[in-house]
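The values are calculated or read from the model by the stated rules, or taken from the named source; none is laboratory data. Just so it is clear, the structure is predicted and the values come from calculations on it, not from any experiment. When we count neighbours, we look across all protein chains shown, and the Cβ atoms used for this are built from the backbone with ideal geometry, even at glycine.
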Amino acid sequence: MTKIQIQVNGTKHTVEADPEMPLLWALRDLIGLTGTKFGCGMTLCGACTVHLDGAPVRSCALPIGQIKKSHITTIEGISSDNSHPVQKAWIEMQTPQCGYCQSGQIMSAVALLKNNAHPTDADIDAALAGNLCRCGTYPRIRAAVKRAATLMKDKNNMPTKSDTGSR
Amino acid sequence: MIIHHSSFTIYHYIMQTRRDFLKLTGKFGALLAVSIALPVSTQAKTTQKTINGDEPISEIIDFEMNQYIVITKDNKIILFNPRPDMGQGTNQSLPTLLAEELEVDLEQVEVRFTNGHSKFGGQNAGGSSSIRTRYEELREAGAAARVMLVSAAAKRWGVPVAECVAEKGKVLHPKTGKAALYGELSEDAAKLEIPQGTKLKEIKDFKLIGKDAPRLDIPNKVSGKAIFGIDIKVPNMLYATIQRSPMIHGKVQRFDMDAAMKIAGVKHVLKSERPLPYKTLEGVAVLAETYWGALQARKTLNVVWENADYQSVTTENYFRAAHSLAKSAGIIYKDAVGDVSKAWDISETKLEGVYETPFTAHAAMEPNNTVAWVKDDGSVEVWCPVQGPDSAVGKVADYLKIKPEQVKVNVQLMGGSFGRKAYLDYVLEAVYLSKQARAPVKLIWTREDDLTQGPFRPGMVSSLKAALDKNGSLTTFEHRMAGASIMHQVLQHDQTGKADGWVAEGVNQEDSPYAIPNRRQTFSLVETPIPIVWWRSVYASTSVFGQECFIDEIAHASKKDPLDFRLEYLKKEPKFIQVLKLLEEKANYRQKLPAGQAIGIAIARSFKSICAYAVTVSKKDNNIVINKVVGVIDVGLAVMPDNVKAQTEGNVIMGLSTALKSGITIEKGEVQETNFHAFNPLRINEIPTIEIHVMPSEAAPSGAGEPGLPPIAPALCNAVFNLNGNRIRKLPFSLEI
């Protein structure tokens with residue numbers, strides 16, 4: 001067991017854990033942020049997607065010992081009130097069914113839109129093919145990503161609270 | 001609407017002792033309960049126990065029945081949803097039925113899951129039954145409560161009941177301008193007789209039903225705040241993982257525990273048990289302070305399995321047996337008409353086709369999990385994502401040989417299920433471990449556990465034959481199904497020598513009412529130790545594949561367009577005709593497609609709803625591309641039409657995944673697909689355009705969660721035949737040519 005400091009959603013957390021423990025379990029079981037989900041443990045399904053310095057990563061295979069000073073953003077960090085345009089678009093398109101994979105889907109979409117304001121279908125496919133949804137919400141995810149891109153053109157739609165350093 | 005999550009429950013559970021509870025009820029005062037059949041005094045009492053959500057069932061079991069609505073004096077309106085939500089939306093659709101007649105907006109209410117108590121009736125969210133079996137009852141419960149509230153107001157104000165109206169959680173007396181919140185009336189209302197036979201609204205007067213309000217669970221599902229079973233935390237709980245035999249039914253011979261016990265936080269290493277309905281399987285469990293620690297320790301166990309008996313269990317052997325049985329007619333279902341054997345012998349044109357559908361896994365994104373706490377007094381509390389709260393209570397009580405009153409089930413949101421979480425082996429595993437460890441235990445299955453251990457949708461074989469007379473008319477049709485029986489293995493009703501009615505779901509005379517003078521379905525049971533269970537749309541997902549592909553084969557043999565053929569043989573079925581006609585229009589079925597493109601259709605009724613698809617495919621290089629799926633579904637009156645659409649989109653994708661991607665294969669007793677690299681459902685880059693039309697209807701609601709699945713695979717395969725003449729008879733198949 002080692003004392004490890006990580007920065008999540010702008011807050012420093014000190015956890016006592018095996019440095020090999022994947023970030024996923026540290027977030028869920030030690031820090032209490034359960035929005036990030038366990039789906040496969042092998043980076044195959046994307047349910048555990050978070051941002052590492054703004055880039056999407058699978059937290060199920062990222063040892064906390066390796067994070068060092070990097071900034072982690074989880075679903076809880078993209079806004080405090082569903083004001084992120086991606087969240088707004090997800091609600092507007094009535095995207096989730098069971099909702100379990102949606103944190104990961106949203107984190108992948110947020111990362112995509114940060115670098116690509118006008119994603120094509122192919123761009124969306126490339127960015128989100130790593131995120132499985134067993135309920136079959138893909139058509140609505142696609143529509144929501146496009147809707148979010150439109151919303152983001154208006155600066156008023158950007159989330160007001162910025163606590164992550166990764167957007 | 002507030003969706004009542006267990007994050008609330010846990011902390012209240014911990015914090016809220018009985019004394020706190022008394023304070024709570026004292027503050028809220030008297031409560032209103034709606035119960036259809038009980039005297040008033042017991043109802044109010046019953047509700048006081050229920051509202052805190054924390055009383056052992058023993059104290060409320062005597063105050064039974066249909067208790068869906070609670071209104072506190074401070075105007076909190078609590079609606080109980082008796083069917084758990086796995087994503088299909090019952091947390092909104094069922095409260096909508098109550099709220100419509102109660103005259104409240106959904107934003108005004110808090111929704112809670114029921115706890116399995118028998119007063120809530122059957123609570124299993126399965127068989128696409130949640131709305132169709134509760135449609136009358138919940139509206140009646142809402143109406144009865146509204147009448148009581150209005151009567152209480154009229155009495156208080158000394159005005160005629162007929163002059164009062166209920167609206168958005170208030171009773172109003174327009175003549176005098178008086179108004180009272182439901183909460184202000186609930187104490188008086190609770191003292192009144194429960195009215196019987198209150199007239200329900202006409203469809204034209206609905207404000208909520210059929211209106212497509214946004215789903216109120218969605219905001220929490222995009223913020224990460226929604227709490228699923230896997231998110232539950234109870235103080236001092238241990239995390240558990242179980243090493244299971246890679247081979248079906250292996251027994252634990254020995255294992256090492258020294259290395260495991262040395263890993264930080266590991267508290268127990270012990271043999272575990274997994275009770276299936278027909279056998280109890282063995283495993284080795286690690287209980288630790290963190291789940292990661294438990295997983296690390298699990299890797300060191302070096303379990304030696306005794307499994308020689310099961311080397312020969314393979315899906316190949318299973319299908320060999322099924323194909324062999326399907327060569328001759330099995331046990332004939334009662335709905336047979338005419339004389340198939342005789343008609344076959346004298347027929348002009350004879351067709352035969354053998355179809356096969358694979359074993360497959362549910363693979364809900366949320367793996368199985370449960371928090372169980374067997375307490376020192378012998379009672380047990382579980383927090384679990386399950387489809388049936390009442391079956392959870394019953395199973396846990398039976399397993400521990402305790403009374404149902406000693407079992408408290410806290411139902412959680414499910415991160416998908418598709419039938420899996422109505423099979424409660426994982427709940428009992430957690431209960432077992434908690435009992436052994438004398439501590440609360442949170443068991444989480446890994447994805448590998450989920451995919452390799454089953455239970456699975458059984459693989460099935462359909463052997464079909466048909467005969468045409470010299471005019472090309474279809475005279476004879478036989479569908480022989482062979483495979484494992486869920487009724488036999490899971491529900492333990494011996495099906496030897498019986499025609500298991502479940503297997504013919506979707507293809508029996510009622511569900512597939514093609515008018516054929518000589519027709520029969522038969523069933524042959526394949527006994528297997530492979531654990532099986534219901535999977536979204538159950539046998540309709542397998543039986544309909546052969547049926548609807550073969551109908552297409554017959555249409556081609558009789559030189560008729562497949563849609564025209566279906567219209568002809570379903571002409572006495574107005575609902576089928578209506579669906580086919582709308583599909584024809586929406587899919588632009590009659591248009592001439594460019595070379596290298598083709599369209600195929602299929603139609604099926606299951607769970608009382610009819611669904612049909614038109615799938616358009618094309619050739620691109622060495623691949624078949626699925627360009628578009630147009631669907632029409634008739635679920636009767638759709639309580640949440642957009643949600644019906646969403647369910648159907650999901651069924652298209654799940655059905656296509658099962659048609660195109662790996663199923664579950666077993667070699668030498670071991671499942672070969674161990675994670676999502678091998679069992680890989682469709683991803684966003686692999687789906688066609690999907691366009692679903694919900695048939696406008698005022699008929700009583702029928703199923704919505706499953707009926708969209710059965711016809712998609714046959715529609716796809718019928719399109720492929722029209723594209724390249726290749727008749728797909730075995731799933732899964734590859735789109736590479």
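Could you say whether any residue in the range B:254-277 is closer than 27 Å to residue B:460 by Cα, loosely packed, with under 15 Cβ neighbours inside 10 Å and either in contact with a Pro (Cβ under 8 Å, 6 or more places away or on another chain) or free of Cβ contacts under 8 Å to residues at least 60 places away in the same chain (or both)? Looking for residues that are closer than 27 Å to residue B:460 by Cα, loosely packed, with under 15 Cβ neighbours inside 10 Å and either in contact with a Pro (Cβ under 8 Å, 6 or more places away or on another chain) or free of Cβ contacts under 8 Å to residues at least 60 places away in the same chain (or both), one finds none in the range B:254-277, hence no.
Within the range A:106-145, the residues that satisfy the criterion of being small (Gly, Ala, Ser) and outside any helix (DSSP H, G or I) are A:117, A:129, A:130, A:136. Taken together, the residues in the range B:452-475 that are assigned to a loop (DSSP other than H, G, I, E, B) and closer than 23 Å to residue B:339 by Cα amount to 5. Restricted to the range B:334-444, the set of strands (runs of 3 or more DSSP E) holding at least 2 residues that are closer than 25 Å to residue A:41 by Cβ comprises B:369-374, B:380-384, B:441-444. One residue stands out among those in the range B:274-292 that are in contact with a Leu (Cβ under 8 Å, 6 or more places away or on another chain), assigned to a strand (DSSP E or B) and not charged (D, E, K, R): the one that is farthest from the other protein chains (Cβ to nearest Cβ), which is B:275. Condition check for residue B:352 on (1) in contact with a Phe, Trp or Tyr (Cβ under 6 Å, 6 or more places away or on another chain); (2) surrounded by fewer than 24 Cβ atoms within 10 Å (Cβ to Cβ); (3) over 24 Å from residue B:237 (Cβ atoms): one failure, at (1).
For every residue, the table says whether it meets (1) under 30 Å from residue B:474 (Cβ atoms); (2) of a type in the set (Lys, Arg); (3) surrounded by 19 or more Cβ atoms within 10 Å (Cβ to Cβ).
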| site | (1), (2), (3) |
| --- | --- |
| B:284 | no, no, yes |
| B:293 | no, no, yes |
| B:304 | no, no, no |
| B:312 | no, no, no |
| B:323 | yes, no, no |
| B:328 | yes, no, no |
| B:332 | yes, no, no |
| B:345 | yes, no, no |
| B:348 | yes, no, no |
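Of all residues in the range B:170-206, those satisfying the criterion of being within 17 Å of residue B:149 (Cβ to Cβ) and within 32 Å of the chain's Cα centre (by Cα) are B:198, B:199, B:200, B:201.
Considering only residues in the range B:61-84 that are modelled with pLDDT of 95 or more and out of contact with any strand residue (DSSP E or B) (no Cβ under 6 Å at 6 or more places or on another chain), the one that is farthest from residue B:169 (Cα to Cα) turns out to be B:83.
Within the range B:360-374, residues that are at the interface with chain A (Cβ under 7 Å from one of its Cβ atoms) reach partners that are among the basic types (Lys, Arg) and assigned to a loop (DSSP other than H, G, I, E, B) with beta carbons closer than 7 Å, at six or more positions or on different chains, in the pairs B:363/A:134; B:364/A:134; B:365/A:134.
Entry remark, the range B:499-518: residues being surrounded by fewer than 24 Cβ atoms within 10 Å (Cβ to Cβ), in contact (Cβ under 8 Å) with a residue 40 or more places away in the chain and not in a loop (DSSP other than H, G, I, E, B) number 2 in total. Evaluate the range A:141-149: report whether one residue or more is at the interface with chain B (Cβ under 8 Å from one of its Cβ atoms), buried (at least 16 other Cβ atoms within 10 Å of the Cβ) and in contact with a helix residue (DSSP H, G or I) (Cβ under 7 Å, 6 or more places away or on another chain). There is at least one residue in the range A:141-149 that is at the interface with chain B (Cβ under 8 Å from one of its Cβ atoms), buried (at least 16 other Cβ atoms within 10 Å of the Cβ) and in contact with a helix residue (DSSP H, G or I) (Cβ under 7 Å, 6 or more places away or on another chain). Restricting attention to the range A:91-105, the residues that are part of a helix (DSSP H, G or I) and surrounded by 21 or more Cβ atoms within 10 Å (Cβ to Cβ) total 4. For the range A:106-127, the count of residues that are surrounded by 24 or more Cβ atoms within 10 Å (Cβ to Cβ), in contact with a Phe, Trp or Tyr (Cβ under 9 Å, 6 or more places away or on another chain) and without any contact (Cβ under 8 Å) to a residue 40 or more places away in the chain is at least one.
Of all residues in the range B:634-657, those satisfying the criterion of being under 20 Å from residue B:602 (Cβ atoms) and out of contact with any Lys or Arg (no Cβ under 8 Å at 6 or more places or on another chain) are B:635, B:644, B:645, B:647, B:648, B:650, B:652, B:653, B:655, B:656, B:657. Listed conditions (1) crowded, with 24+ Cβ neighbours inside 10 Å; (2) within 14 Å of another protein chain (Cβ to nearest Cβ); (3) touching a helix residue (DSSP H, G or I) at 6+ places or on another chain (Cβ under 9 Å) are all met by residue B:444, apart from (1).
State all residues of the range B:664-697 that are among the charged types (D, E, K, R) and either away from chain A (no Cβ under 13 Å) or not in a loop (DSSP other than H, G, I, E, B) (or both); if no residue qualifies, say none. Can you show your working first?
Just the residues of the range B:664-697 that are among the charged types (D, E, K, R), to begin with: B:667-668, B:670, B:673, B:683, B:686, B:691.
Answer for the range B:664-697, where residues must be among the charged types (D, E, K, R) and either away from chain A (no Cβ under 13 Å) or not in a loop (DSSP other than H, G, I, E, B) (or both): B:667, B:668, B:670, B:686, B:691.
Per-residue answers, yes or no, for (1) part of a strand (DSSP E or B); (2) touching a helix residue (DSSP H, G or I) at 6+ places or on another chain (Cβ under 7 Å); (3) more than 12 Å from chain B (Cβ to nearest Cβ):
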| residue | (1), (2), (3) |
| --- | --- |
| A:20 | no, yes, no |
| A:28 | no, no, no |
| A:33 | no, yes, no |
| A:36 | no, yes, no |
| A:43 | no, yes, no |
| A:47 | no, yes, no |
| A:56 | yes, yes, yes |
| A:68 | no, no, yes |
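Only helices (runs of 4 or more DSSP H) whose full extent lies in the range B:173-270 are considered here, and the ones with at least 3 residues that are more than 14 Å from chain A (Cβ to nearest Cβ) and modelled with pLDDT of 95 or more are B:258-262. Evaluate the following for residue B:344: is it more than 30 Å from the chain's Cα centre (by Cα), closer than 21 Å to residue B:452 by Cβ and not acidic (Asp, Glu)? Criteria not met by residue B:344. Filtered by the rule that a residue be in contact (Cβ under 8 Å) with a residue 24 or more places away in the chain and within 20 Å of the chain's Cα centre (by Cα), the range B:212-225 gives B:215, B:217.
I'd like to verify a number: residues in the range B:528-547 that are closer than 21 Å to residue B:670 by Cβ, part of a loop (DSSP other than H, G, I, E, B) and either aliphatic (A, V, I, L, M) or without any contact (Cβ under 8 Å) to a residue 12 or more places away in the chain (or both), how many?
So the answer is 2.
Taking each residue of the range B:232-243 that is surrounded by fewer than 18 Cβ atoms within 10 Å (Cβ to Cβ) and looking for partners that are not hydroxyl-bearing (Ser, Thr, Tyr) with beta-carbon atoms closer than 9 Å, six or more apart or interchain, yields B:235/B:10; B:235/B:14; B:235/B:440; B:236/B:439; B:236/B:440. The criterion of being closer than 20 Å to residue B:435 by Cα and within 21 Å of the chain's Cα centre (by Cα) holds for residue B:394.
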